[in-house]
Structure formats: structure tokens, C-alpha cells
Amino acid sequence: MPSKGVKSFRTRQDKQKMIERLKKKTHFSKLEIEKLLEMQRKLSTRGNKIDRSKFRDLLHNTFAITEDFIMDRVFKAFDKDNDSHLNEEEWILGMSVFLRGTIDELCKYCFDVYDMNSDGFISREEMFHLLKQSLIVPGNEQDDPDDGVKDLVEVALKKLDQDHDTRVSFEDFKTSIHDDNLLLECFGRCLPNLPRKESFLEQIADEAHLKK
């Protein structure tokens with residue numbers, strides 16, 4: 001029995017150390033992290049990790065992000081070790097940026113979502129694919145819808161391509177967003193809208209407050 005008690009204590013101690021570490025690296029309070037960890041455990045399907053399907057359900061039902069391709073890219077941005085599951089740290093760090101990120105953190109997050117092959121650039125082809133997936137381009141039945149998307153790609157390049165090399169680097173993207181924050185989600189919505197975000201944060205804060 002004593003050894004079991006020691007093991008339990010060490011487990012709680014390890015958890016508290018992890019929470020303190022995450023508190024220093026995120027925009028969450030200790031109680032908010034505890035609540036998010038509880039949520040992570042409920043969403044987990046294997047080895048205390050969230051799989052792609054559960055995460056997509058959360059994005060769709062809680063944050064109204066509905067585009068299949070974008071949901072997969074958001075999951076990829078959270079999944080730093082590329083094991084197709086989100087562990088506790090990936091979940092907390094990802095949600096910190098997703099819900100309370102600074103403008104620089106959000107620039108990096110959105111860029112990673114849009115940089116489909118992770119080569120450090122958003123290419124003309126990637127822009128075309130993202131815009132085609134995310135937008136309905138107006139036109140009559142005789143128009144080729146791809147032409148409208150191509151026009152939007154050219155507009156995006158003029159706005160974002162600071163060094164005129166026909167692709168968008170992270171520095172291009174960051175500079176453009178600092179000039180005009182409305183460009184942040186220019187290739188598809190990958191962040192929660194304000195009402196959904198505030199509702200989620202209020203839920204965490206309210207339930208965390210009850211533990212005080």
C-alpha cells in the first residue's frame with residue numbers, strides 16, 4: 001500500500017510540474033490548463049491522445065470551422081511530432097495560439113496551415129488549391145470557375161509577395177499581416193470567430209472558477 005501511495009503522489013506531482021511548465025509557455029492560467037487537460041482526456045481515444053477524427057469534430061461543432069481540407073491542415077499545425085495524434089502538450093500549446101495567440105503567433109500558425117508542403121513558402125499552386133477549396137467564385141455558367149480562382153491568386157500575390165518572387169515566404173506573410181490584419185485568414189478560415197471563441201473561453205473560465 002505505501003508504494004502505491006508514493007506512486008500516486010509522484011503522478012500528481014508530475015502533473016503539477018507539467019501544468020506549471022505549460023503555464024509559462026502559454027496564455028492560459030493554471031486552472032484553465034487543468035480544465036483543458038480534462039477536456040483532452042475526454043476527447044482522447046488511444047494513449048491519452050486526440051486523433052484526427054475527434055479533433056475535426058471539435059473544430060466543426062465547437063468552432064464552426066467546416067472546410068474538410070482546412071480542418072486537416074489545422075490538425076497538422078497542432079501535431080508537431082507528426083504522429084497523427086495530439087498529446088497533452090500539443091493540445092495545450094495549440095489551443096493557446098488558436099484562442100489567445102499574439103499577432104506574431106497567429107501569423108506563424110496561419111502560415112503553417114497554408115504552407116501545404118512545409119517548404120517555408122506558400123506557392124502559387126498552394127494558393128490556388130486553398131482558394132478553390134475555401135471559396136465559391138461568382139460567375140455565370142459559361143465561365144470556367146478556375147479562372148476566377150486564378151484571378152484571386154494574382155490579387156493575393158500583389159498583396160502578400162513583398163519581394164516579388166511569385167511565392168510568399170513567412171517574412172512576406174508576416175509583414176503583410178502587420179500592415180493589414182484582415183489578410184490573416186486570406187486563404188481560408190482557420191481560426192474561430194469571435195462569438196465561438198468567447199463562448200469557449202467563458203466556459204473554461206466559469207468551470208475553472210468553480211474549483212477555487
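A few points about this structure:
- Theoretical FRET efficiency, 1/(1+(r/R0)^6), r = Cβ-Cβ of ALA205 and GLN162, R0 35 Å, to 0.05: 0.35
- Farthest positive-ward along the chain dipole, Cα basis, beta-carbon charges - from HIS164, THR11, GLN203: THR11
- For the chain, the convex hull drawn through the C-alpha positions has a volume of 143 cubic angstrom per residue.
- A full extension of the chain between SER53 and ASP104 corresponds to an added length of 15.5 nm, given 0.36 nm per residue minus the alpha carbon distance.
- Links that overshoot a 18 Å alpha carbon limit, given the list LYS35/LYS197; LYS23/LYS76; LYS132/LYS174; LYS49/LYS76: LYS23/LYS76; LYS132/LYS174
- Computed E for ASP147/ASP81 - FRET, C-beta separation, R0 45 angstrom, nearest 0.05: 0.65
- Each label was represented as a point 7 Å from its Cα along the Cα-to-Cβ direction; for ARG46 and ASN181 these points are 4.1 nm apart.
- Net lengthening on full extension, LEU194/LYS17 (0.36 nm per residue, minus Cα-Cα): 60.5 nm
- Remark: for residue pairs LYS80/LYS158; LYS17/LYS80; LYS54/LYS150, the C-alpha separation exceeds 23 Å in LYS80/LYS158; LYS54/LYS150.
Throughout, read-outs are computed from the coordinates displayed, never taken from laboratory work. Computed from a predicted model, the values in this text were never measured in an experiment. Note that we place each Cβ from the backbone using ideal geometry, even for glycine, and neighbour counts take in every protein chain shown.
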